[in-house]
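The structure appears below as structure tokens.
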Amino acid sequence: MISHAMKELVQNSERVLIMGHKSPDMDAVGASIGILKIAQANQKEGNIVLDPDDIDTGVQRMIEEIEKDDELWSNFITPEDAMELVTNDTLLVVVDTHKPSLVMEEKLLTKTEHVVVIDHHRRAEEFISDPTLVYMEPYASSTAELVTELLEYQPKKLKLSMLEATALLSGIIVDTKAFTLRTGSRTFDAASYLRSKGADTVLVQKFMKEDIDVYVQRSRLIEKADIYREGIAISAGEHGEEYGPVIIAQAADTLLTMTGIVCSFVISERKDGRIGISARSLGDINVQVIMERMNGGGHLTNAATQLEDTTIEDARALLQDIIDEYFEGGDEE
Ligand SMILES: [Mn+2]
């Protein structure tokens, strides 16, 4: 049904512009490529909006590979170019987020009335206003999984190259941590379809390769972890050591893979002078509630905050108080 509606919207538009969230990950880029293919299968021009100054190290290798493919790369445009191209006959497809403040170019949202949102995150209060079509499936593993399902029902003319199929599969693999989290039978169905279209798992592995200094930085944070209450790991960087948000998120992810740890918090100084905290949980402890009490936000299993005018020590003390309150405060979660 959604696939049919999507086809109609594409056919009734002049062109299709696609954007993910800021600092897009492989899921956002892979899903964007999938939507591009839907536009092309319906004989419409499609463009993916990507800010060349906002490419995270996590997707850098994938983007480098796309750049080598002249045909595919020619469909990527900057936010400035997108602002020139957009008209009210443009179909704007937002993937892997539904928050206006997170999209690649927020101004695009006001330039057309035809906006489609495809996302797998739990619905937040902040939502793109008045979308034409919303496809939100919080039980899906990834946006790439949802978009792959849409692709399967598009015209037969649709042809996925090895690289395009691999980009979509990378989105699924990254968002599921290689089929260990949020993976349903539909996830395997989508992966199977992509594999049959030539998706290359060795190339996915190459996309996920990381630089040694990233690994070392993450390890430094993990090394500092200790256990506060049963199953809760807290790690804090040193004063004067800045870590990017991706590194602290990855450190929290990694801690969660350790035996006995059900919840992890990583605290560090950031380049902007604030203190960042990244929180992860296997699901029994609601880290969203804990981060919200520190003016942050997120999901049950994945949340974060940034604190102004404080130190690592004070942030840690506050966090521990809030964790204690969470367990003892009486309001059952
Ligand atoms: Mn995603």
* Structure fact -> To the nearest 20 debye, the chain has a Cα-centred charge dipole, built from +1 on Lys and Arg Cβ and -1 on Asp and Glu Cβ, of 1360
* Holding the Cα-Cα limit at 27 Å, pick out from Lys37/Lys111; Lys7/Lys209; Lys177/Lys224; Lys99/Lys157; Lys111/Lys156; Lys37/Lys206 the pairs that are longer than that. => Lys7/Lys209; Lys99/Lys157; Lys111/Lys156
* Tell me, what HN-Hα J-couplings in whole Hz come from the Karplus equation 6.51 cos²θ - 1.76 cosθ + 1.60 at θ = phi - 60° for each residue of region 94-105, using x for Gly and Pro? -> 9, 10, 6, 7, 9, 9, x, 6, 9, 5, 4, 9
* To do: Set Lys and Arg Cβ to +1 and Asp and Glu Cβ to -1, take the dipole of the chain about its Cα centre, and tell me which of Leu151, Leu133, Ile290 lies farthest positive.
  => Leu151
* Ordered by residue, what ³J(HN,Hα) values in Hz, to whole numbers, does region 178-186 give under the Karplus form 6.51 cos²θ - 1.76 cosθ + 1.60, where θ = phi - 60° and Gly and Pro are x? -> 6, 6, 10, 10, 6, 9, x, 5, 5
* At 7 Å along the Cα-to-beta-carbon direction for both Ser161 and Glu223, put a label point, then send me their distance in nm to one decimal. => 4.3
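Counting only helical runs of four or more DSSP H residues, what would the 222 nm mean residue ellipticity of the chain come to if each run contributes -39,500 (n - 2.57) and the total is spread over all its residues? Mind dumping the intermediate values first?
Working: 13 runs with 138 residues, N = 333.
It comes out at -12500 deg cm²/dmol, rounded to the nearest 500.
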* Asked: Using the Cα atoms of the chain to build a convex hull, what is its mean projected area in square nanometres?
  -> 17.1
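Under a 1.4 Å probe, what is the accessible area of region 2-207 per residue, stated in Å²?
Solvent-accessible surface per residue comes out at 45 Å².
Which loop-located trypsin sites (Lys or Arg not before Pro) does region 225-331 contain, where loop means any DSSP state but H, G, I, E or B and the Cβ has at most 12 other Cβ atoms within 10 Å?
Lys271
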* To do: Using a 1.4 angstrom probe on heavy atoms only, work out the carbon and sulfur share of the accessible area of region 2-207 in %.
  => 47
* **Amide H partners (placed H, <5 Å) of Gly46, local residues excluded** => Val16
* **Cα coordinate range in region 66-181, projected on the principal axes (Å, largest first)** => 37, 36, 26
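Find how much the distance from Glu137 to Asp272 grows on full extension, using 0.36 nm per residue of separation minus their present alpha carbon separation; answer in nm with one decimal.
Between Glu137 and Asp272, full extension yields 45.2 nm more.
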* Structure fact -> Quick calc, Val214 & Glu113: beta-carbon distance into FRET formula, R0 30 Å, rounding 0.05, result 0.10
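What whole-number value in cubic angstrom gives the convex hull volume per residue for the C-alpha atoms of region 166-232?
Normalising the Cα hull of region 166-232 by residue number yields 93 Å³.
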* Asked: Suppose R0 equals 22 Å; then what is the FRET efficiency for Asp189 and Val262 from their Cβ-Cβ distance, rounded to the nearest 0.05?
  -> 0.15
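Just to confirm the filter: which trypsin sites (Lys or Arg not before Pro) across region 1-99 are DSSP coil and have at most 15 other Cβ within 10 angstrom of their Cβ?
Lys68
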* Normalising by the residue count of the chain, find the relative contact order in percent from Cα pairs under 8 Å and 6+ residues apart. => 13
* Springs between alpha-carbon atoms under 10 Å, Gaussian network over the chain: tell me which of Gly273, Gly20, Gly34 tops the mean-square fluctuations. => Gly273
* Asked: Quick one: with all protein chains in place, what share of the accessible area of region 212-328 is carbon or sulfur, to the nearest percent (1.4 Å probe)?
  -> 48
* Inter-label distance, nm, simple model (7 Å from Cα along the C-beta direction), Asp53/Phe179 -> 4.2
* To do: Multiply the residue gap between Ile322 and Glu238 by 0.36 nm, knock off their C-alpha separation, and tell me the result in nm, one decimal place.
  => 28.1 nm
* Can you give the charge dipole size of region 212-328 about its Cα centre, rounded to the nearest 20 debye, using +1 on the beta carbon of Lys and Arg and -1 on the beta carbon of Asp and Glu? -> 380
* **Three-way shape label, region 212-328, alpha-carbon gyration tensor, a/c 1.5** => oblate
* **Amide H contacts under 5 Å for Val117, placed H, 5+ residues apart** => Val94, Leu133, Val134, Tyr135
* Can you figure out the FRET efficiency of Lys68 with Arg123, using R₀ = 56 Å and their beta-carbon distance, to the nearest 0.05? => 0.90
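The values are calculated or read from the model by the stated rules, or taken from the named source; none is laboratory data. Bear in mind the structure is a predicted one, so any value in this text is a computation, not a measurement. Neighbour counts are summed over all protein chains in view; Cβ atoms, including those assigned to glycine, are modelled from backbone coordinates with ideal geometry. The accessibility values were calculated without ligands, DNA or RNA, using every heavy atom of the protein model including side chains. Shrake-Rupley method; radii C 1.70, N 1.55, O 1.52, S 1.80 Å.
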